[in-house]
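Structure record follows, encoded as structure tokens.
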Amino acid sequence: DDRLMVHGMQFYGFHGDLPAEQELGQKFLVNVDVWTSLETAQKSDLLKDTVNYVTIWELTKDSVETKRFEMIEALGGDISDRILTLDERISKVRIQVKKPQVCIPGILDYVGIEMTRER
């Protein structure tokens, strides 16, 4: 299966259950994997023959920076739903949302979610 990956995206958003998270915001890390055939673009070497990863980045940025969710599950679902409707050539999408600045009294790298959705 062919897969297009946009990994390591970082955006500032206002998502969380706590009032401080909603008021102050924080950094979110997002990885997107899109399953789509890359064969036509491989042969043609033309952008029109593949899913544009810049559009995936812009859509993800918009979801993280302009919308507000209490749960990162809802944020991930918004991103995955929007990507699946972006291009009919996309058969499946996997989203990872990582929240490194979480209010837990302990040391950790991040909390996160991963979801896979198909057409």
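No lab work stands behind these numbers, since they all come straight from the coordinates. Since we're looking at a predicted model, the values are computed, not measured. No Cβ is skipped: glycine too gets one built from the backbone with ideal geometry, and neighbour counts run over all protein chains shown.
A few remarks follow.
- Relative contact order, percent, the chain [alpha-carbon distance under 8 Å, six or more residues apart]: 28 percent
- From the coordinates shown, percent of Cα pairs over 26 Å apart corresponds to which of (i) 45; (ii) 27; (iii) 24: (iii)
- Taking label points 7 Å from Cα along the Cα-to-Cβ direction, residue 66 and residue 47 give a separation of 2.0 nm.
- Fully extended contour minus Cα-Cα distance, from residue 24 to residue 113, at 0.36 nm per residue: 29.9 nm
- Annotation for the range 47-112: chymotrypsin sites (Phe, Trp or Tyr not before Pro) lying in DSSP loop with at most 16 further Cβ atoms inside 10 Å of their Cβ are 110.
- Sequence-distant residues sharing a close amide H with residue 9 (under 5 Å, placed H): 30
- Cα-based helix-to-principal-axis angle, 72-84 vs the chain, degrees rounded to 10: 20 degrees
- Pairs of Lys residues in the chain, spaced 8 or more positions apart or belonging to different chains, with C-alpha separations under 17 angstrom: 8 in total.
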